[in-house]
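Engineer: Encoded as structure tokens, here's the structure I'll be asking about.
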Amino acid sequence: MAAVAAAMRWRLLLVMSAAVLGASGTPQPPNILLLLMDDMGWGDLGVYGEPSRETPNLDRMAAEGMLFPNFYTANPLCSPSRAALLTGRLPIRNGFYTTNAQARNAYTPQEIVGGIPDTELLLPELLKGAGYVSKIVGKWHLGHRPRFHPLKHGFDEWFGSPNCHFGPYDNRARPNIPVYRDWEMVGRFYEEFPINHKTGEANLTQIYLQVMGAGLAGSGAGSSAFGQGQMVCSSPQEALDFIKRQQAAQHPFFLYWAIDATHAPVYASKPFLGTSQRGRYGDAVREIDDSVGKILNLLQDLRIAENTFVFLTSDNGGSNGPFLCGKQTTFEGGMREPAIVWWPGRIPAGQVSHQLGSIMDLFTTSLSLAGLEPPSDRVIDGLDLLPAMLQGQLMERPIFYYRGNTLMAVTLGQYKAHFWTWTNSWEEFRQGIDFCPGQNVSGVTTHTQEEHTKLPLIFHLGRDPGERYPLSFASTEYLDVLGRITPVVQQHQEALVPGQPQLNVCNQAVMASPGEHSVRCSLVTLTRRPVPCSPSGTLNSQLLPGERNWAPPGCEKLGKCLTPPESVPEKCSWPH
């Protein structure tokens, strides 16, 4: 039946898209471009109401495509949301969470031991079954060690880094983060790839869009004011050359463009610095907008736009527009994302879909575009959005809001129920760490973990997108909504089989001595009932020699190998 369903869907797509014929004369599925921004919020785009109107290319993309105003990430932090996108599964299933404390956000700093498990099937790996060539440009963020390398999980090419552009570090207590081309490092942030914290100048967005010149250069056309060691950007060919090469070879391609300019420390290249009404962050957004415009223009110039599916969204909340709070929280400002799909001639221009969408849907929708079925041996949380995109259908589905190992909230239709509320601790808040600046809502934006599992706080997001006015517990509306949401949550909780948590163990050396180190783990659910994470209840943190950011493959050629400190595995500390 699965094969029949795939064949029927593919025939429908052939009819609707007049699919291009490949070199062998056989029908070729559409190319897929997923443009994942970093910390870019719902309120950053003109089409969503940003008053400066500084995103003309993204706004044009929406005018020529379809806007999703109700699109969500799977976690309010970077690494888990990216794992969810590429697996189609909630982080609680694919292991991208921690059990070191309740409701803690966790990610993959360079001292993390874990990463994407080999048991997870990633989108590029599955797309190979339909002949796709895949490339990731930018931030991977699913583990640093060789076993977690993106080319071991289906990608054919990579240019980017395993982590964000934090730093600079002294290369003694902590190394500067390496930048890779495919299997080997080609430099490090703040060294071969400079970022000037004072001015905000960095060429990284241009490098992610464009090809580097022939190695290192200290002067000449294309080099920046950083001087010696800057990688030259000579022509528009890093992401763009991949598109050109695959088009010339008539290969269907998957390009995952995961840049990080809007993640602190925010940067932009010199031509964009000082050009925005919104300061340096706006400069970064303007450069991203310009880069997306170049990508879309290339697709049109190559006459492959009508056979290329393009989707833009973000990994977690940023500028929150009308919503409450931001990144790190499970309020709307931390979870609702900008989302635009562009497929000229296939998706009607100027459309708005009110379908509840999730970043995990990009996994299932991409497989559907390729004529493939999602894996049947595991739970897939992502839906196929093609019926919503091509036929305007609306499908009822819940959106689950997890923070670490805890189900914090769920949205069903227009209603959102909070089972737990928490921003961050009073201690952090008093130190100036504020995830909800200027948005204190009494009893909602709490600085202690408040449980509402018996009587959840329920909001109507259509009338109250800012989550300021919960429904009265005594109202008929509240009781009716509670009666619809409760069985959905119970079914989810009863069927949930958590994956083994990957974000429990840290090690500054990320290289252990022989032997095993283990940390006990358990899952705290909605009801705080402990559940073993694995048959043994342990997370194996054994590390093998050479698995580290200190001396990655290729460091010898550059003279960039560093000596790691002593290996001391320990439980990671996640404050919020």
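The values are calculated or read from the model by the stated rules, or taken from the named source; none is laboratory data. All values reported here derive from a predicted model rather than from experimental measurement. When we count neighbours, we look across all protein chains shown, and the Cβ atoms used for this are built from the backbone with ideal geometry, even at glycine. Accessible surface is based on the protein model in full, side chains and every heavy atom, while ligands, DNA and RNA are left aside. Shrake-Rupley method; radii C 1.70, N 1.55, O 1.52, S 1.80 Å.
Engineer: Quick check: is even one residue across region 375-385 basic (K, R) and touching a helix residue (DSSP H, G or I) at 6+ places or on another chain (Cβ under 6 Å)?
Structural biologist: Quick first cut of region 375-385, residues basic (K, R) only: 378.
In the following step, the residues that additionally are touching a helix residue (DSSP H, G or I) at 6+ places or on another chain (Cβ under 6 Å) were identified as none.
There is no residue in region 375-385 that is basic (K, R) and touching a helix residue (DSSP H, G or I) at 6+ places or on another chain (Cβ under 6 Å).
Engineer: Restricted to region 490-514, and to residues that are modelled with pLDDT of 95 or more and among the aliphatic types (A, V, I, L, M), which residue is farthest from L407 (Cα to Cα)?
Structural biologist: Filtering region 490-514 for residues that are modelled with pLDDT of 95 or more and among the aliphatic types (A, V, I, L, M), the one farthest from L407 (Cα to Cα) comes out as V505.
Engineer: Still on this structure, I have one more. Let me spell it out: the conditions are (1) of a type in the set (D, E); (2) modelled with pLDDT under 95; (3) open to solvent by less than 40 Å² (accessible area, probe 1.4 Å), and D170 meets all of them except one. Which number is the exception?
Structural biologist: (3)
Engineer: Could you tell me which of the residues F311, F272, F253 is open to solvent by 10 Å² or more (accessible area, probe 1.4 Å), of a type in the set (A, V, I, L, M, F, W, C) and modelled with pLDDT of 95 or more? Spell out how you get there, then give the answer.
Structural biologist: Numbers: F311 fails: open to solvent by 10 Å² or more (accessible area, probe 1.4 Å); F253 fails: open to solvent by 10 Å² or more (accessible area, probe 1.4 Å).
Exactly one residue qualifies, and that residue is F272.
Engineer: Tell me, which residue of region 46-71 that is aromatic (F, W, Y) and either assigned to a strand (DSSP E or B) or in contact with a helix residue (DSSP H, G or I) (Cβ under 7 Å, 6 or more places away or on another chain) (or both) is least open to solvent (accessible area, probe 1.4 Å)? Can you show your working first?
Structural biologist: The initial filter retains those residues of region 46-71 that are aromatic (F, W, Y), namely 48, 68, 71.
Still in the list and also either assigned to a strand (DSSP E or B) or in contact with a helix residue (DSSP H, G or I) (Cβ under 7 Å, 6 or more places away or on another chain) (or both): 48, 71.
Values: Y48: 27, F71: 1 Å².
Checking each candidate, the answer is F71.
Engineer: Which of the numbered conditions does W42 fail, given that it passes all the others? Conditions: (1) at pLDDT 95 or above; (2) within 20 Å of the chain's Cα centre (by Cα); (3) closer than 30 Å to T406 by Cβ.
Structural biologist: Unmet condition: (1).
Engineer: Further question: Please verify whether F311 is under 23 Å from W158 (Cα atoms) and within 19 Å of the chain's Cα centre (by Cα), treating the condition exactly as stated. Before you say what the answer is, go through the steps one by one.
Structural biologist: On the way: under 23 Å from W158 (Cα atoms): yes; within 19 Å of the chain's Cα centre (by Cα): yes.
The answer is yes for F311.
Engineer: While we're on this one: (1) buried (at least 20 other Cβ atoms within 10 Å of the Cβ); (2) assigned to a loop (DSSP other than H, G, I, E, B): which one isn't true of P348, the others all being true?
Structural biologist: (1)
Engineer: Can I ask one more? Do any residues in region 370-390 that are more than 24 Å from S134 (Cα to Cα) have Cβ atoms under 8 Å from those of residues that are at pLDDT below 95 and not in a loop (DSSP other than H, G, I, E, B), where the two are at least six apart or on different chains, and which pairs are they?
Structural biologist: L390/M16
Engineer: Just name the residue that is most open to solvent (accessible area, probe 1.4 Å) out of those in region 351-368 that are of a type outside the set (S, T, Y) and assigned to a loop (DSSP other than H, G, I, E, B). Even if it seems obvious, please write down each step before you answer.
Structural biologist: Here is the first cut: in region 351-368, the ones of a type outside the set (S, T, Y) are 351-352, 354-357, 359-363, 367.
Now restrict to residues that are assigned to a loop (DSSP other than H, G, I, E, B): 354-356, 359-360.
Values: H354: 118, Q355: 2, L356: 21, I359: 1, M360: 14 Å².
Step by step, filter region 351-368, then rank; the result is H354.
Engineer: Continuing with the same structure: Looking at this structure, is M395 of a type in the set (A, V, I, L, M, F, W, C), in contact (Cβ under 8 Å) with a residue 24 or more places away in the chain, farther than 21 Å from T330 by Cα and touching a helix residue (DSSP H, G or I) at 6+ places or on another chain (Cβ under 9 Å)?
Structural biologist: Working: of a type in the set (A, V, I, L, M, F, W, C): yes; in contact (Cβ under 8 Å) with a residue 24 or more places away in the chain: yes; farther than 21 Å from T330 by Cα: yes; touching a helix residue (DSSP H, G or I) at 6+ places or on another chain (Cβ under 9 Å): yes.
The answer is yes for M395.
Engineer: Let me ask you something else. So how many residues does region 133-153 have that are touching a helix residue (DSSP H, G or I) at 6+ places or on another chain (Cβ under 9 Å) and open to solvent by 10 Å² or more (accessible area, probe 1.4 Å)?
Structural biologist: 3
Engineer: Are any residues in region 155-190 out of contact with any Gly (no Cβ under 9 Å at 6 or more places or on another chain) and of a type in the set (S, T, N, Q), and if so, which ones?
Structural biologist: Hits for region 155-190 are N163, N171.
Engineer: Quick check: is even one residue across region 79-89 farther than 22 Å from I380 by Cβ and open to solvent by 10 Å² or more (accessible area, probe 1.4 Å)?
Structural biologist: Looking only at region 79-89, we keep the residues that are farther than 22 Å from I380 by Cβ, and these are none.
Looking through region 79-89, none of the residues is farther than 22 Å from I380 by Cβ and open to solvent by 10 Å² or more (accessible area, probe 1.4 Å).
Engineer: Go through region 382-394 and report how many residues are of a type in the set (G, A, S) and either open to solvent by 30 Å² or more (accessible area, probe 1.4 Å) or touching a strand residue (DSSP E or B) at 6+ places or on another chain (Cβ under 7 Å) (or both). Don't jump to the end; show me each part of the working.
Structural biologist: Keep residues of region 382-394 that are of a type in the set (G, A, S), which gives 382, 388, 392.
Still in the list and also either open to solvent by 30 Å² or more (accessible area, probe 1.4 Å) or touching a strand residue (DSSP E or B) at 6+ places or on another chain (Cβ under 7 Å) (or both): 382, 392.
Count: 2.
Engineer: Still on this structure, please answer the following. Could you say whether any residue in region 466-480 is touching a residue at least 40 places away in the same chain (Cβ under 8 Å), crowded, with 19+ Cβ neighbours inside 10 Å and outside any loop (DSSP other than H, G, I, E, B)?
Structural biologist: No, that holds for no residue.
Engineer: Which residues, taken from region 442-460, are assigned to a loop (DSSP other than H, G, I, E, B) and either over 29 Å from A101 (Cβ atoms) or open to solvent by 50 Å² or more (accessible area, probe 1.4 Å) (or both)?
Structural biologist: Residues of region 442-460 that are assigned to a loop (DSSP other than H, G, I, E, B), as a first pass: 442-449, 452-456.
S442, T448, Q449, K454, L455, listed by residue number.
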